[in-house]
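S.K.: The structure's right below; bear with me while I get my questions together.
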Amino acid sequence: MLQQLPESSRKAASLAVMLWGFTKQNIKFVEDSKLAARLNPELHQALEVLTDPSVMVREIEPKGDCDCFTMFTCALMQCWGLEWDIVTLACSRR
């Protein structure tokens with residue numbers, strides 16, 4: 001699919017894919033309810049955990065869910081000078 005892009009976009013798209021791969025490889029996916037249970041066992045079902053990328057990058061064993069992965073990847077792209085937008089999609093586990 002990347003080969004269908006113009007040359008000028010291909011390098012940026014390849015870098016974005018690599019940065020996403022770095023995020024997936026280095027941050028363990030953990031649902032908010034499990035992370036929040038450590039903060040407040042009584043309210044863990046109602047809490048949304050958002051970890052700032054500047055905190056995540058310093059963690060020994062970084063953990064987060066989709067929104068943490070998104071924020072971290074966007075921060076990496078920002079550091080590399082890539083333009084980015086967040087697009088919300090609906091999906092099904094099936």
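The values are calculated or read from the model by the stated rules, or taken from the named source; none is laboratory data. What you see is a predicted model; the values in this text were computed from it and never measured. Every residue, glycine as well, gets a Cβ built from its backbone with ideal geometry; the counts of neighbours run over all protein chains shown. In case anyone asks, the SASA skips ligands and DNA or RNA and just uses the protein heavy atoms, side chains included. Shrake-Rupley method; radii C 1.70, N 1.55, O 1.52, S 1.80 Å.
S.K.: I'd like to verify a number: residues in the range 59-85 that are open to solvent by less than 50 Å² (accessible area, probe 1.4 Å), farther than 30 Å from SER8 by Cβ and outside any loop (DSSP other than H, G, I, E, B), how many?
M.R.: Residues that pass the stated criteria total 3.
Quick grid of which residues meet (1) in contact with a strand residue (DSSP E or B) (Cβ under 9 Å, 6 or more places away or on another chain); (2) open to solvent by 90 Å² or more (accessible area, probe 1.4 Å):
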| position | (1), (2) |
| --- | --- |
| SER14 | no, no |
| GLN25 | no, yes |
| GLU42 | no, yes |
| THR51 | yes, no |
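S.K.: Checking MET18 against (1) in contact (Cβ under 8 Å) with a residue 12 or more places away in the chain; (2) surrounded by fewer than 16 Cβ atoms within 10 Å (Cβ to Cβ); (3) of a type in the set (A, V, I, L, M): exactly one of these is not met. Which one?
M.R.: The single condition MET18 does not satisfy is (1).
S.K.: On the given criteria, is LEU50 in a loop (DSSP other than H, G, I, E, B), among the hydrophobic types (A, V, I, L, M, F, W, C) and touching an Asp or Glu at 6+ places or on another chain (Cβ under 9 Å)?
M.R.: Numbers: in a loop (DSSP other than H, G, I, E, B): yes; among the hydrophobic types (A, V, I, L, M, F, W, C): yes; touching an Asp or Glu at 6+ places or on another chain (Cβ under 9 Å): yes.
Here the answer is yes, as LEU50 does meet what is asked.
S.K.: Regarding MET56, is this residue closer than 23 Å to VAL87 by Cα and surrounded by fewer than 12 Cβ atoms within 10 Å (Cβ to Cβ)? I'd like the intermediate steps shown before the answer.
M.R.: Values: closer than 23 Å to VAL87 by Cα: yes; surrounded by fewer than 12 Cβ atoms within 10 Å (Cβ to Cβ): no.
No; evaluated as a whole, the condition is false for this residue.
S.K.: Kindly list the number of the only condition in (1) loosely packed, with under 15 Cβ neighbours inside 10 Å; (2) at pLDDT below 90 that fails for ALA36.
M.R.: Here ALA36 meets the rest and fails (1).
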